[in-house]
Amino acid sequence: MTIRKAVLPVAGFGTRVLPATKSIPKEMLPVVDRPAIQYVVDEALAAGIEHIVFVTGRNKGAIEDYFDRAYELEMSLEQRGESKREILEQVQRTTLPAGSASFVRQQSPLGLGHAIWCARDIIGNEPFAILLPDVIVRAGPSCLAQMVGAYNETGGNILAVDAVPEDEVSKYGVISPKARNGRLIEMDGMVEKPAREDAPSNLKITGRYILQPEIFGLLEDQGAGAGGEIQLTDAMARLMEMQSFYAFEYEGQDYDCGSVLGYLDAVVGHAIHHPEIGAQAVALIEQLVADAKGHG
Ligand code: G1P
């Protein structure tokens, strides 16, 4: 069955980047020339996703507005004619097609597993994707498109993984790899935020998933896990007992925008690879670094 729908959980407060996120959603912070969430939505669309379910919360209205038409703005740009045509087209491209987005609220911050469970009625009884918007993956084809390609061969459930330094494993979900077949990895376990000495590997769960709808029944009665939250990883570990489950080592570069340094990494990474301003960005950064060293 094709993967038509994706869930983007966007209810989190963004506490690690306060006060920047005091009055705007963290997903709306700009990464060079567009909000972070635009990259994640583009990744989903490039993988053939037709319907996006945003799991939102209070104070996240800016996300809903961003993907809607901006009627007055578009009118005003249109009236200014040819000189504003290109920017008008860019603005119009951010509008999602009518009926292709749903918004559901997670009313209490009970954890990622609970946020995903909030989308159960809109997803229904079909396999679906999850993209965590804190994570931007720069890749071509898009990370989710690579996973859909793998899924078309294997079916079942797939989660993206990548290697991290060993002192970072406790920030993430981590898998226990068993056997490897190219980029596909068979697993015999996964654990959320293990202590460094207990981590079964240094392969972290990136934040991209293709899951079967049976995950919802498991999330329904999933107890609190790491950090006192209902964890998606714990429900996936149970699903793995019943269905085929693979990890997938995608090709690309991920940026964790949920922290100040990760966000800076995303901005600089996207600036230097930008098709129009990339070369200038590299020159600018080299100059800034040379100046800073000169004053060091
Ligand atoms: C979540 C997931 C974790 C995953 C991480 C990726 O954690 O629970 O398994 O490795 O995203 O960024 P969070 O960042 O919400 O703590």
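In terms of modelled amide H atoms, which long-range or inter-chain residues lie less than 5 Å from the amide H of VAL31? The answer is ALA36. Quick one: grab the alpha carbon gyration tensor of segment 106-172, order the square roots of its eigenvalues as a ≥ b ≥ c, and give me rounded if a/c is under 1.5, else prolate or oblate depending on whether a/b is larger than b/c. Since a/c reaches 1.5 but b/c is at least a/b, the shape of segment 106-172 is classed as oblate.
Rounded to the nearest whole Hz, the Karplus-based 3J(HN,Hα) values (6.51 cos²θ - 1.76 cosθ + 1.60, θ = phi - 60°) of segment 205-217 follow the sequence 7, 6, x, 10, 9, 10, 10, 7, x, 4, 4, 5, x, with x at glycine and proline. With 5 Å bins beginning at zero, the pair-distance distribution over Cα atoms of the chain amounts to 1, 5, 11, 15, 18, 17, 13, 8, 6, 3, 2, 1, 0 %.
Taking amide H atoms as placed 1.01 Å from N in the peptide plane, the amide H of THR206 lies under 5 Å from those of ALA160, VAL161, ASP162, each 5 or more residues away in sequence or on another chain. Stretching the chain fully between GLN280 and THR15 yields a gain of 92.1 nm (0.36 nm per residue, less the alpha carbon separation). Note on segment 40-151: with neighbouring protein chains present and a 1.4 Å probe, carbon and sulfur make up 49 percent of its accessible heavy-atom surface. Stretched out fully, how many nm does the piece from GLU220 to HIS273 gain, at 0.36 nm a residue minus the Cα gap? Once the chain is fully extended between GLU220 and HIS273, it gains 14.9 nm. With a simple spin-label model that places each label point 7 Å from the Cα along the Cα-to-Cβ direction, the separation between SER100 and ALA195 comes to 4.8 nm. For segment 224-236, 3J(HN,Hα) computed residue by residue from phi via the Karplus equation (6.51, -1.76, 1.60; θ = phi - 60°) reads 5, x, 3, x, x, 10, 6, 9, 4, 4, 5, 5, 5 Hz, glycine and proline entered as x. If you plug the beta carbon distance of ASP121 and GLU153 into 1/(1 + (r/R0)^6) with R0 = 41 Å, you get a FRET efficiency near 0.85. Whole-Hz Karplus values for segment 89-97 come out as 5, 5, 4, 5, 5, 7, 7, 6, x Hz, taken residue by residue from phi with 6.51 cos²θ - 1.76 cosθ + 1.60 and θ = phi - 60°; glycine and proline positions read x. Distance between the pseudo-spin-label points of GLU89 and GLN287 (7 Å out from Cα toward the beta carbon): 3.0 nm.
Look at the Cα gyration tensor of segment 116-234: its axes a ≥ b ≥ c give a/c of at least 1.5 with a/b at or below b/c, and that counts as oblate. Extending 7 Å from Cα along the Cβ direction at LYS22 and again at ASN59 yields two label points whose distance is 1.0 nm.
Mark the label point 7 Å from the Cα of MET242 along Cα→Cβ and return the residues of segment 200-221 whose backbone N is within less than 20 Å of it. Hits in segment 200-221 for MET242 at 20 Å: 209-221. Of all beta bridges that DSSP places with both ends in segment 1-149, some 15 percent have antiparallel geometry.
Note on segment 1-144: dipole from Cβ charges, positive end direction compared against GLY14, HIS51, PRO141; the farthest Cα belongs to GLY14. Among the protein heavy atoms of segment 202-296, carbon and sulfur supply 56% of the accessible surface, probe 1.4 Å, non-protein parts ignored.
Averaged per residue, the chain has 50 square angstrom of accessible surface, using a 1.4 angstrom probe with ligands and nucleic acids left out.
Here the contact order of the chain, divided by its residue count and restricted to Cα pairs under 8 Å and six or more residues apart, works out to 21 percent. About its Cα centre, the chain has a charge dipole of approximately 360 debye under the convention of +1 per Lys or Arg Cβ and -1 per Asp or Glu Cβ, with nothing else charged. Distant-in-sequence amide contacts of TYR246, defined by a placed amide H-H separation under 5 Å and a gap of 5 or more residues or a different chain, comprise ASN157, ILE158, LEU159. Checking the Cα-Cα distances for LYS60/LYS171; LYS171/LYS204; LYS5/LYS26; LYS5/LYS193 against a 19 Å cut-off, the pairs over it are LYS60/LYS171; LYS5/LYS26; LYS5/LYS193. Using alpha-carbon pairs under 8 Å, 6+ residues apart, how would you state the relative contact order of segment 172-261 in percent? The value is 32 percent. If only the Cβ of Lys and Arg carry +1 and only the Cβ of Asp and Glu carry -1, the dipole of segment 176-294 around its Cα centre is close to 280 debye.
The values are calculated or read from the model by the stated rules, or taken from the named source; none is laboratory data. Because the structure is a prediction, the values reported are computed rather than measured. Here Cβ is always computed from backbone atoms with ideal geometry, including for glycine, and neighbour counts include all displayed protein chains. To get the accessible areas, we keep the full protein, side chains included, count just its heavy atoms, and leave off ligands, DNA and RNA. Shrake-Rupley method; radii C 1.70, N 1.55, O 1.52, S 1.80 Å.
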